[in-house]
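Worksheet for the structure shown next.
The values are calculated or read from the model by the stated rules, or taken from the named source; none is laboratory data. Just so it is clear, the structure is predicted and the values come from calculations on it, not from any experiment. Note: ideal-geometry Cβ built from the backbone for every residue, glycine included; neighbour counts use all protein chains shown.
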Protein chains: 2
Amino acid sequence: MLEGQPKYLRVADILRREIAEGVFQDGQVLMTEEELRCRFGVSRQTVRQAIAQLEDDGLVDRRRGSGTYVRHGPRKRQGLLHVGVLTSYITDYISPNILSGIETVMNQHGVVMNLSATLNDPRMEKNILARMTDGQVDGLIVEPCRSAEGTPNADCYRHLAERNVPVIFMNAYYPELKGMPHVIMDDAGGGRAAAAEILKRGYRKPGCVFKTDDMQGAERGRGFLEEMKEQGMEIPEENILFFTTEDRMDLFDTPAGRRFLEQAENPETMDSVACYNDIFAVRLMEAMRKRGIRKPRELGIIGFDNAMVSEMTRPALTTLGHPKEAFGSLVAEKLLRMMDGVRQESVRMPWRLVERDSLPLVNSIV
Amino acid sequence: MLEGQPKYLRVADILRREIAEGVFQDGQVLMTEEELRCRFGVSRQTVRQAIAQLEDDGLVDRRRGSGTYVRHGPRKRQGLLHVGVLTSYITDYISPNILSGIETVMNQHGVVMNLSATLNDPRMEKNILARMTDGQVDGLIVEPCRSAEGTPNADCYRHLAERNVPVIFMNAYYPELKGMPHVIMDDAGGGRAAAAEILKRGYRKPGCVFKTDDMQGAERGRGFLEEMKEQGMEIPEENILFFTTEDRMDLFDTPAGRRFLEQAENPETMDSVACYNDIFAVRLMEAMRKRGIRKPRELGIIGFDNAMVSEMTRPALTTLGHPKEAFGSLVAEKLLRMMDGVRQESVRMPWRLVERDSLPLVNSIV
DNA sequence: ATAAATTTGTGCGTATGTATC
DNA sequence: GGATACATACGCACAAATTTA
């Protein structure tokens, strides 16, 4: 055979491309085996072998006595609807709360949930998407990985879109995927709110710790610094600590982390810190306590998310509260509506300040 | 064709079974297409169609010019391994803790987790299994539904076994599925421990509330009643409340539940209760408090699982502690070993009494 | 090292079965 | 019932890869 490739694969490729290009309408389509036999000048067996490939890919349905049908849009399943959920982690931090909101709504609607963790790794994301794409789900909720960098998996998402599998993003989104809605927190606004609160409470030497490889961190940091600047507060570079997923485990043991801690030890150079989230707020407290040079109370700290830990630390964390369960429910409900064919707009939810003990008024510090 | 089934499927089934039974050794095996043609008296094409099925299931490898090889042990995948996890609920009660243990281990081994909830409904279970069976996962962790009644989905599990997908059950198991290992708590032993503890602390009018449609509840109840009997304590029927998943939401609003509460209100008829788990222990406390007739402190209560709520109630719950994270990790590790082809034994883990305030010594009651 | 034999892969023709319209 | 279209089944020929003599 010319080209080395067997005939049936070449036929399959041609048909695959034509289907992708929309040559065939959605209803009853694809020529009969007999027609294809004539068109390509091969035997009917070869045509069947080619179509078997397409069927494997979920591109066509063969119905005995009726014909071979092109399947644009999601595979019609008998029985229950299935929804895929991709998060960075399943049982970490506030994920269980968000998932609980999603699960509740899905259960109410009798929809099966299928949950996988990406560990914030785009390769993992690709791998899971590949299976989801294989006609496995009727809808998809995704928490992006390293959203500040865009995604190498845009093709996978476009592929889902081509099959009419609705996708909604939560907590962040990939800017290159225009058509897909998202539900996020107002991260830039949260950063501004944190800055405003720090200044309102009388702090004059603020610092901050923000993650830079996801959209949430980048936006929170941007908002924070902009608000500070607009209110006339210049923050020296040494008081700013940026980090990425890589050093999330031992941030305050890195050179940059240690330099930051030294700044934070001295009340003359730093009197308050806005932290990417409650985990890092707690880690900062621990690191300060371990060094034992300043009492934690002497450094004002504000976190993000209002995670469980924020209630349990001493002093209890002042933080911007993430709606968690309500957030998850909203995402789930929007996805269900999309699965009903109703277009959904993106949503940016506001933060709510949760005042506890870690960011006291300046003159109340002992 | 006789039997309605096409020949190629029947040939495939026979071969599948023989592979499962180990008729073929692992190295070079499976007879050649020509031999199979003679053996089954069908054409070579039909044999090839049958073998194509097995190949789809990942049971055999075909190598041109060489032969068709049986693949015992897990399917070699390109890319990552995928593990399916089926639990009753994802975010309820102690599930997140168990899942966290599983997730940690899976992440350490670079295995993708795929999580679905059955809502304790065998139909849901079947639905999810059907997709998992479709060559989607390399291993499966299952928390059974209504395990006391056996399962209508035994076929699905056998189907998985035939395809060399290892399955491990947790918290309970289906007795009809002999070959598959499980990791469970020693529920009967826990029931006995609860009974012994109640008597040791001087209670003389015990009652109990147990679920009957899952193995855990049935075993806990059995152990409890047996231990009581062996220690010479007869429990009147009115002090025993059995229930099923259906009335889990409003147990103490059912006729039987209300009768039980009336018994519990009177110190002469009941002075202590062993509860199926911590949720029902808390519900019982609430129901008693709502009726307002006795102070909760006057009724000794012991729960199961050491869930988060058990620390937060007043009085804090005395309970038998479930290892949760360690339990999940153990399950995950065993499954991974099974995926490496190492047979695993079932495990029954012991309970550990967590003494708090809800089951005080009798003479210390005010 | 080469040739021959073996084994799976590809391709075609034909006949018949069965579901759908 | 008849026409149509996919499903199953068989036989044959040759190609390509591997193993064996």
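For this structure, a couple of remarks:
- If you go through segment A:139-167 and pick out every residue that is in contact (Cβ under 8 Å) with a residue 40 or more places away in the chain and more than 14 Å from every other protein chain (Cβ to nearest Cβ), you end up with 13.
- Every listed requirement among (1) over 17 Å from the mean Cα position of the chain (by Cα); (2) modelled with pLDDT of 95 or more is met by A:Ile184 save one, (1).
- Within segment B:118-128, the set of residues being more than 8 Å from every other protein chain (Cβ to nearest Cβ) and more than 14 Å from the chain's Cα centre (by Cα) comprises B:Arg123, B:Lys126.
- In the condition set (1) part of a loop (DSSP other than H, G, I, E, B); (2) surrounded by fewer than 22 Cβ atoms within 10 Å (Cβ to Cβ), B:Gly189 is compliant with all but (1).
- Single residue of A:Leu335, A:Leu320, A:Leu299 found to be crowded, with 19+ Cβ neighbours inside 10 Å, over 23 Å from A:Arg220 (Cα atoms) and of a type in the set (A, V, I, L, M, F, W, C): A:Leu335
- Of the strands (runs of 3 or more DSSP E) lying entirely inside segment A:279-351, those containing at least 1 residues that are among the polar types (S, T, N, Q) span A:318-321.
- Only helices (runs of 4 or more DSSP H) whose full extent lies in segment A:41-133 are considered here, and the ones with at least 3 residues that are within 16 Å of DNA strand C (Cβ to nearest atom) are A:44-56.
- Number of residues in segment A:343-366 that are at pLDDT below 90 and hydrophobic (A, V, I, L, M, F, W, C) equals 3.
- Residues of segment B:104-117 that turn out to be at the interface with chain A (Cβ under 9 Å from one of its Cβ atoms) and either modelled with pLDDT of 90 or more or closer than 19 Å to A:Leu129 by Cα (or both), as a count: 8
- Test: residue in segment A:130-138 that is away from chain B (no Cβ under 14 Å) and either crowded, with 21+ Cβ neighbours inside 10 Å or at pLDDT 95 or above (or both): no
- Restricting A:Val137, A:Val83, A:Val60 to residues that are within 16 Å of DNA strand D (Cβ to nearest atom) and of a type in the set (Val, Ile, Thr) narrows the list to A:Val60.
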